[in-house]
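Readers should treat all values here as calculations from the given coordinates under stated rules, not as data from a laboratory. What you see is a predicted model; the values in this text were computed from it and never measured. With ideal geometry, Cβ positions are generated from the backbone for all residues, glycine too; neighbour counts draw on all protein chains shown.
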Amino acid sequence: MKILIIKLSSFGDIIQCFPVASGLAKKFPAAQIDWVAYENYKELLKYQQAIHHIHTLPHYASTGILSSISCLTMLLYKIKEEDYDIVLDLQGLFRSGIICGLSGAKRKIGSWNAREGSIFFYKERIMPPPPPAQERYLEFLRYLEIEPDPYDFGLPVFPQILNIKNYVVIHPYSRWRSKIWPWRNYLELTVRLPQYQFVFIGIGPWFPINAPNCLDYRGEIPLSMLMAIIGNAQATISGDSGPAHLSAALGCPTLVLFGPTDASEARPIGKKVIVVQSEASCSPCWHNICLNKKYPMCCLSEISVEKIIKKLMILIEN
């Protein structure tokens, strides 16, 4: 049996789909399970132990229209050659719908709430359950009469690479500016907890880190190094971001701050996750740039350092 999963992006969403691959591999141990994603997520997918082959596409934003069509055509040719038995479109958008519809698979399965007309490319459609988002992906397993394990991400365990123990990872960045907790709060946090070591990771606006109990690993680092740092941490603190999902999937105690997005929908899935949702009246707004002119960024600014320290202590002690 050959099964193809289509989930093109993004980092955190792909991680939340990993239990689908794990569930399929347990139910059909002899099956070949392949995946289609944008090429910048190929390295992440290599670490999911149930995946056999990864088909990639360049992201449409990085290529012109003609090049994008050409790459999609070549991908479709390769997929048809594989003669898949089942294709699962977990993305539910126009491009993923085309890949599913023209795959030549016997069973083409997608969701009833798929967008951009992709629903017309499916032979079978499933009704999505209520949030969180991962439940929509796990419903594909239930449809195939497979009991899902939401915590089976199929990721390896990495050895410790830092010369410190009992450290806390801080990821202060996000692609959305509106998701970033004020950097002064992170610095105050490290000052008020001198008994802990903190390791800063991520890519984003620069700010100084001078506290003696902090290590700075910001900037581009290999994904294997990132996974080793997070996987061996005592805890991770982050906004709503891909590394927050990675931390939860690796089993690291994870504390996530939510402002413009809704934790009930987008929370990372893990056995050791605490979320702090802003209580601002405008939260969640789902805007990547704050539109509150009177009190800019009030949703995350109103989350106090004191509250985060208390939640962090609960997370570590438990």
Original post:
Full extension from ARG125 to CYS71: what is 0.36 nm times the residue separation minus their Cα-Cα distance, to one decimal in nm?
Top reply: 16.7 nm
**OP:** Between PRO296, PRO268, PRO253, find the one with the highest GNM mean-square fluctuation for the chain; connect C-alpha pairs within less than 10 Å.
**Re:** PRO296
Original post:
So what's the back-of-envelope 222 nm ellipticity for the chain, counting only DSSP H runs of four-plus at -39500 (n - 2.57) apiece and dividing by all residues, rounded to 500?
Top reply: -10000 deg cm²/dmol
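So what's Rg/Rh here for the chain, counting alpha carbon atoms and using the Kirkwood radius for Rh?
0.99
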**OP:** Report, largest value first, the span of the C-alpha coordinates of the stretch 1-102 along each principal axis, in whole Å.
**Re:** 40, 28, 21
**OP:** Kindly provide the chymotrypsin sites (Phe, Trp or Tyr not before Pro) of the stretch 178-226 that DSSP labels as loop, not H, G, I, E or B, and whose Cβ sees at most 10 other Cβ atoms within 10 Å.
**Re:** TRP206
Subject >> Summed side-chain charge close to LEU72 - residues other than LEU72 whose Cβ falls under 12 Å, Lys, Arg +1, Asp, Glu -1 >> reply: +2
Original post:
For helix 11-27, what angle does its Cα long axis make with the longest principal axis of the chain, in degrees from 0 to 90 and rounded to 10?
Top reply: 50
Original post:
Between the stretch 250-310 and the stretch 16-37, what is the C-alpha centre distance in whole Å?
Top reply: 31
Original post:
Any idea how far apart ILE221 and ALA31 come out in nm if each label point goes 7 Å out from Cα toward Cβ?
Top reply: 3.6
Subject >> Gain upon complete extension [ILE314, ASN40; 0.36 nm per residue less C-alpha separation] >> reply: 95.1 nm
**OP:** Restrict the search to the stretch 91-148; then list the chymotrypsin sites (Phe, Trp or Tyr not before Pro) that DSSP places in a loop and that have at most 13 other Cβ atoms within 10 Å of their Cβ.
**Re:** TRP112
Subject >> Acute angle (nearest 10 degrees) that the helix 305-317 long axis makes with the longest principal axis of the chain, alpha-carbon atoms >> reply: 70
**OP:** Could you tell me how many degrees, from 0 to 90 and to the nearest 10, lie between the Cα long axis of helix 133-143 and the main elongation axis, the longest principal axis, of the Cα atoms of the chain?
**Re:** 30
